[in-house]
């Protein structure tokens, strides 16, 4: 896996933090300096933390588990949607439904409701309703799609969360910690890096910075998924080869048994033809 490029982080503006008066003291180890009242993040430490997070995310993706990306701030929505659709990972960009993790069963029921409405439209039941009822159902379907459509394939709790702006998504962070789900996050100078398991110090407001860091995580997911596919293909080929060897061995055993039987037949016939003394 390629190492994070310091220059690319710099060009994306990942080093720009918040105003000094808004800082969180726990971010002190990751702050390089203060300029014009704004904290500047130490990108050397960002590179290290980014590589650690990418390596961990790669292993999770390789195991076939899901990573839920949470980013409801305006400048991150389109970026998250575009990148996560490329790796088929779930994401939340509209709003965090309270209890999504801690009350996952209820969330799954809401997703099933969306599926039931789709089935109603396919089997004709939808058209038996009055015009007003159909309008209400359509509105309900649209609302469910907006809030939960991006997690409709999430049949079990995610293996990890990747969060953009831990202050804004504090409910998601709290639920994940309660369930011991690993958390990854872009942590700006106004946030607490101790709130998550894998903090990545960086600018969580600029679209370019978000796109860059999330892109590194997305590449790690792609590598993990590619290695998983390679391993599965290798295992499948090995299983097929083992079957072929087993089949060849069985054929050899059958042939040997047939030859032994053929060899025994003349001997028995000769014994029958020999007159008794």
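Tabulated results
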{"quantity": "Top-ranked residue of the range 7-30 - restricted to ones that are within 30 Å of residue 223 (Cβ to Cβ) and surrounded by fewer than 15 Cβ atoms within 10 Å (Cβ to Cβ), ranked as farthest from the chain's Cα centre (by Cα)", "calculated": "29"}
{"quantity": "Residue list for the range 122-140, filter: touching a helix residue (DSSP H, G or I) at 6+ places or on another chain (Cβ under 8 Å) and either outside any helix (DSSP H, G or I) or under 18 Å from residue 152 (Cβ atoms) (or both)", "calculated": "129, 137, 140"}
{"quantity": "Count of the range 51-94 residues which are in contact with a helix residue (DSSP H, G or I) (Cβ under 7 Å, 6 or more places away or on another chain) and either more than 23 Å from residue 225 (Cα to Cα) or free of Cβ contacts under 8 Å to residues at least 60 places away in the same chain (or both)", "calculated": "4"}
{"quantity": "Those strands (runs of 3 or more DSSP E) lying entirely in the range 31-115 with at least 1 residues at pLDDT 90 or above and surrounded by fewer than 17 Cβ atoms within 10 Å (Cβ to Cβ)", "calculated": "31-35, 38-41"}
{"quantity": "Members of the range 164-198 that are within 18 Å of residue 59 (Cβ to Cβ) and in contact with a helix residue (DSSP H, G or I) (Cβ under 7 Å, 6 or more places away or on another chain)", "calculated": "183, 184, 196, 198"}
{"quantity": "Residues satisfying the stated conditions in the range 73-85, i.e. out of contact with any strand residue (DSSP E or B) (no Cβ under 6 Å at 6 or more places or on another chain) and closer than 17 Å to residue 60 by Cβ", "calculated": "83"}
{"quantity": "Selected residue [buried (at least 21 other Cβ atoms within 10 Å of the Cβ) and touching a residue at least 12 places away in the same chain (Cβ under 8 Å)] from 172, 159", "calculated": "172"}
{"quantity": "Members of the range 97-136 found to be touching a residue at least 60 places away in the same chain (Cβ under 8 Å) and at negative phi, listed by number", "calculated": "98, 100, 101, 102"}
{"quantity": "Breaking point among (1) exposed (fewer than 12 other Cβ atoms within 10 Å of the Cβ); (2) modelled with pLDDT under 85, for residue 126", "calculated": "(1)"}
{"quantity": "Residue ID - surrounded by the most Cβ atoms within 10 Å (Cβ to Cβ), chosen from residues in the range 195-207 that are over 15 Å from residue 4 (Cβ atoms) and in contact (Cβ under 8 Å) with a residue 40 or more places away in the chain", "calculated": "204"}
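The values are calculated or read from the model by the stated rules, or taken from the named source; none is laboratory data. Remember, predicted model here, so these are calculated numbers, not experimental data. Virtual Cβ from ideal backbone geometry, glycine too; neighbours counted across all protein chains shown.
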